[in-house]
Amino acid sequence: MKKAGLIICLLLLIGCKSKTVSRDTDDLKIKKIATSEINSNQQKKAYELGKRVLETCNTSKFKPFNETEVTKSVMENTTEERLTKTCTRFRQYYGSFIDLKLDGVYKTKNEVIYRYHALYSKKVANKELRVFVDENNLVSAIKSMDWDEKFDAKITE
């Protein structure tokens, strides 16, 4: 009886072994794009949408995104309620939002990442805004984080 229980336990352990996922290394490669290679229309779109989100903190009014600007998940996650909560914290710590300064543009296999230094009225503010644009020219993510002089690709995965 004990042997049967031991065998069952061993079979369960073997059956529960985690699967290994093979991933193409090209998916993980991030290259900085030269200024001459940047799509100016896409850059303008990324800037305007990123600025629209952060200006909400100054005006308390948010013009919702539409399906020609962002992916469905971004549209669902960028609600006035969530922005108000974030903006309250940002205004308290960083002051009023001033503008975005483009620091670099990076390309992965499926996305282009626009990295902006977000400028605020308080000198202690040192924030970054990343706008991700997919192959359909839709913004697939907008992320705010603390500024680091070095672009850390691990944060984007």
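The values are calculated or read from the model by the stated rules, or taken from the named source; none is laboratory data. Predicted model only: the values in this text are computed from it and were never measured. Here the Cβ is made from the backbone with ideal geometry for all residues, glycine too, and neighbour counts use every protein chain on show.
Report, by residue number, each residue of the range 108-134 that is modelled with pLDDT of 95 or more, surrounded by fewer than 21 Cβ atoms within 10 Å (Cβ to Cβ) and farther than 17 Å from W147 by Cα.
E111, D134
Can you name the residue in the range 61-79 that is part of a helix (DSSP H, G or I) and in contact (Cβ under 8 Å) with a residue 60 or more places away in the chain and is also nearest to K51 (Cα to Cα) among such residues?
Within the range 61-79, the match that is nearest to K51 (Cα to Cα) is V74.
Of the residues that sit in the range 135-152 and are outside any strand (DSSP E or B) and more than 20 Å from T35 (Cβ to Cβ), which one is modelled with the lowest pLDDT?
Here the answer is D152.
Report yes if some residue within the range 43-51 is modelled with pLDDT of 90 or more, out of contact with any Ser or Thr (no Cβ under 8 Å at 6 or more places or on another chain) and aromatic (F, W, Y); otherwise report no.
Yes - at least one qualifying residue is present in the range 43-51.
Six or more apart or on different chains, Cβ atoms under 7 Å: show the pairs whose first residue is in the range 90-108 and farther than 13 Å from A34 by Cα and whose second is among the β-branched types (V, I, T).
Listed pairs, sorted by first residue: T108/I30.
I need a count of the residues in the range 59-76 that are buried (at least 16 other Cβ atoms within 10 Å of the Cβ) and not aliphatic (A, V, I, L, M).
4
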